[in-house]
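Written out below as structure tokens is the structure these notes cover.
The values are calculated or read from the model by the stated rules, or taken from the named source; none is laboratory data. Since we're looking at a predicted model, the values are computed, not measured. Cβ placement follows ideal geometry from the backbone for every residue including glycine, while neighbour counts extend to all protein chains displayed. For the accessible areas, the whole protein counts, side chains as well, though only heavy atoms, and no ligand, DNA or RNA atoms are used. Shrake-Rupley method; radii C 1.70, N 1.55, O 1.52, S 1.80 Å.
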Amino acid sequence: AALLRRAIPLTQHPVNTSIAQVKADIRSGLRYFLTTPLLRVIAALVGSFAFCQAIVLAVLVIYATKVLTLGQVGYGVILSVAAVGDVVASLLARRVDARFGPFVTVIGAGVVAAAGYLFLGSTSHRVIAVIGLALEAAATAVGNVASISLRHRTIPTERFGIVNNSIAMCIAGVIPLGALVGGILASAHGTRTTFIVAGSLQL
């Protein structure tokens, strides 16, 4: 709060608004989101990626302990090593987006992340599993930069908050459903089959 107080200048005059105005703004923002095909496609596509990711992450710890036979420390280590892919990809994401454009970048990121899930589902070898996790983390980082940048360029400044939050709500709303599906699949068929289903669905 102290840092924000220094970073964001205080307005000289408070902004007075009403509940009716807030409701009108929300309706306007939602209408813009629903009537803009590009934003609808982004929300649906990234939401589907988030759904598949939730399927995997919900049961990842079971896979690590039961299939890879890792303890608490080992699980933390493979997550840390995989996170290196996230960091490296984040540094390169802007160049990748500029080189290939947002559409190829987002679709490519989805394909690579799906390949990571299939890697996990095809092995009980720790090194291969870490490679799969690193691929997924790297692809997610690059895809996020491309999709969020595209949203920022598409949404008008005056509607940005409401429209952007509408998209975020669509994406975040499917994550609990993905986790539920992941748990059901893992209990019925095991974690490796669950990862293969998630990867195939994302592809």
Rounded to whole Å², per residue accessible area for the chain with a 1.4 Å probe reads 58
What percent of all Cα-Cα pairs in the stretch 1-84 falls in each 10 Å bin, counting up from 0?
13, 19, 19, 25, 19, 6, 0
Along each of the three principal axes of the Cα atoms of the chain, give the extent in whole Å, ordering the values from largest to smallest.
61, 35, 35
Length gained when the stretch Ala20-Ser90 is fully extended (0.36 nm per residue, less Cα-Cα span):
21.1 nm
Could you order Lys66, Lys23 so the one with the most accessible surface comes first? Probe is 1.4 Å.
Lys66, Lys23
When the accessible area of the chain is split by element with a 1.4 Å probe, what percent falls to carbon and sulfur?
68
Would you work out the charge dipole size for the chain about its Cα centre, treating the Cβ of every Lys and Arg as +1 and the Cβ of every Asp and Glu as -1, and quote it to the nearest 20 debye?
340
Roughly how many Å² of Phe33 are accessible to a 1.4 Å probe, to the nearest 10?
20
Got a sec? What order do His152, His189 fall in by accessible area at 1.4 Å, biggest, i.e. largest, first?
His189, His152
May I ask you to give the average projected area over all directions of the convex hull of the Cα atoms of the stretch 154-203, in nm² rounded to one decimal?
4.3
Mind checking which of Leu185, Ala50, Gln202 is farthest towards the positive end of the chain's charge dipole, using Cβ charges of +1 (Lys, Arg) and -1 (Asp, Glu) about the Cα centre?
Ala50
DSSP H segments from the chain that extend 30 Å or more along their own axis, Cα-based, with Kyte-Doolittle mean of -0.5 or above
37-62, 72-121, 126-154
